[in-house]
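The values are calculated or read from the model by the stated rules, or taken from the named source; none is laboratory data. The structure presented is a predicted model; accordingly, all values stated were derived computationally and were not measured. Note: ideal-geometry Cβ built from the backbone for every residue, glycine included; neighbour counts use all protein chains shown. Note: accessible area is taken over every heavy atom of the protein model, side chains too, but ligands, DNA and RNA are not part of it. Shrake-Rupley method; radii C 1.70, N 1.55, O 1.52, S 1.80 Å.
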Amino acid sequence: MEGVPKDKILEDKALRHQFTRAESAAISQEAMNDNFVVPLYSHIVHTSGKENTVTGTGIRCAPQPSGAATLQDPVVAPLKSLPLPAAEAPIFSFGVITDVQYADIADGQSFRGVPRYYRHSLQVLRRAVNHWNQKRLVNFAVQLGDIVDGFCPKEESLPAVMKVLSEFNSLQCGTVYHILGNHCLYNLPRNQLNKLLKFPSWPNAHSYYDFTPSPNFRFVILDGYDVSAIGWPEEHAHRKAAIELLKQKNPNSDKNSPDGLIGEECRFVKFNGGVGEDQLIWLNQVLKDAVACRQKVIVCCHIPLHPGATSPNALLWNYNEVLDVIHQHNCVIACLAGHDHTGGYVIDSHGIHHRVLEAVLECPPGTNAFGHIDVFHDKLSLIGNDRMASVDMAFDPSH
Ligand SMILES: Nc1ccn([C@@H]2O[C@H](COP(=O)(O)OP(=O)(O)OC[C@H](O)CO)[C@@H](O)[C@H]2O)c(=O)n1
């Protein structure tokens, strides 16, 4: 955060502070009166020929050089003595990483034959934390799910989780906010995870929460395995509902298999899940409150929320219900997810950015997949490392 004007920095301590509604509204008004610097440039990465999608790795558009004057150029006074405009400093920054899926086992592969590097993933995580620690690059980090892999021998689940968490604990410059993934639930009971991952909702049973790291920005952490065939006790209503849904939607005896399912119907597999009714009501309330506080919201969920940003077999079962709620409020600027390891990106019909992040687990030795997001008043700038593609996500600050 070197060179960042003092008044734009929120110290770590303040970032961990949960702002009250009154505080937020007051600071929000102050910010509105502020003269924000207009960014020098804003761009979206196009790497695949598909508009607004990111499929390449680590590509970042550079600002265009100003070039020589042409006949079309307006006549202007010589600029010799004008200083260059200063680059705008981010309001805050946060680290992002997903699908570490650590296990102390030999390399393997996914169901589709994609190599998976279970031990190396811990090294990628270590490099991520070191990177974020350098120059205090971030104010906090978000881990988007699946810290350990389902192939981790059961008796090693807890030590494996502890090993991963101890790497995260090396983050010197702020809190790590965790999200539940399916592989976490293959390893440990939900209640134990809720406690280990320090969910603010603990000891309540649910695994969703929100936090306000800066007065004008709120994060909503969704639990995509709220209605799920994994992670709940046998008799739990949400497990029963999930099993019933899978019975209706997926004719395969192995409910992890999408064989025979077409298009978006492929999402009805056991390794996905849905957001339950209570969580939808809670989400609606949180977004309503965020609008009242003039906050911009970043929604994070392990399972992607938009079919344009993911393969259909990694999509949230009731993604449309969640999007309906999100679209009713004019405050969500981006949705971040993991789960679909290759990554993806789309801007939806309401201008919301959906960025699915690239997995750590699939990084061949020596390569990386992590990043940090600089938050500005009118854009989120994801700066990815190596296999994580960078992208600028602009939004309208006036809404
Ligand atoms: N066709 C399939 C696919 C998977 N399985 C089994 O389901 C479990 C979870 O699969 P996995 O690929 O490990 O899940 P991830 O969360 O890492 O990734 C999600 C997808 O990549 C989304 O695109 C595991 O036990 C598999 O063996 C299956 O039986 N049949």
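At a glance:
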quantity	calculated
Per residue value of the accessible surface for region 90-394 (all protein chains in place, 1.4 Å probe), Å²	36
Label point 7 Å beyond Cα of residue 114 along Cβ direction - residues of region 344-362 with amide nitrogen under 17 Å	344-346, 355-362
Set 195/270; 154/247; 247/270; 163/198 screened for pairs whose C-alpha atoms are more than 18 Å apart	195/270; 154/247
Neighbourhood net charge (9 Å Cβ-Cβ; Lys/Arg +1, Asp/Glu -1) for residue 183	-3
Extension gain from residue 154 to residue 202, taking 0.36 nm per residue of separation minus the Cα-Cα distance	14.9 nm
Segment residue 321-residue 367, length gained on full extension (0.36 nm per residue, minus Cα span)	12.9 nm
